[in-house]
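Heads up, the thing below is written out as structure tokens.
The values are calculated or read from the model by the stated rules, or taken from the named source; none is laboratory data. Note that this is a predicted model, so its numbers are computed, not measured. Quick reminder, even Gly has a Cβ in these numbers, built from the backbone with ideal geometry, and neighbours come from all protein chains shown. Accessible surface is based on the protein model in full, side chains and every heavy atom, while ligands, DNA and RNA are left aside. Shrake-Rupley method; radii C 1.70, N 1.55, O 1.52, S 1.80 Å.
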Amino acid sequence: MVSWHAAKTLAMALPEAEERDHFGSPSFRVNGKIFAQLSAPENDERRALVKLSPADQAALTMSDPDTFLPAPHWGRHGWTY
């Protein structure tokens with residue numbers, strides 16, 4: 001399991017990444033497009049949501065379905081917990 005601090009550090013290490021609020025949760029963007037989001041700080045269940053290609057999403061969810069799962073509704077667009 002990756003800590004929140006480590007997740008933020010990884011996201012911000014990408015070129016041109018910036019952190020902005022998105023409905024009370026930290027989101028990470030490049031050129032204004034969100035590529036990752038963390039659950040709200042007050043949420044007891046801390047989760048990360050990342051935008052993946054369909055192939056990457058399928059590979060991760062098949063390799064470890066207890067850890068990676070498509071997000072409800074948005075999963076068909078690559079959003080993965």
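The requirement of being touching a helix residue (DSSP H, G or I) at 6+ places or on another chain (Cβ under 8 Å), aliphatic (A, V, I, L, M) and open to solvent by 40 Å² or more (accessible area, probe 1.4 Å) is fulfilled nowhere in the stretch 12-30; no residue meets it. Scanning the stretch 33-44 for residues that are small (Gly, Ala, Ser) and either at pLDDT 95 or above or open to solvent by 50 Å² or more (accessible area, probe 1.4 Å) (or both) yields one hit, Ala36. One residue stands out in the stretch 45-80 among those that are under 18 Å from Lys8 (Cα atoms) and part of a loop (DSSP other than H, G, I, E, B): the one that is most open to solvent (accessible area, probe 1.4 Å), namely Arg46.
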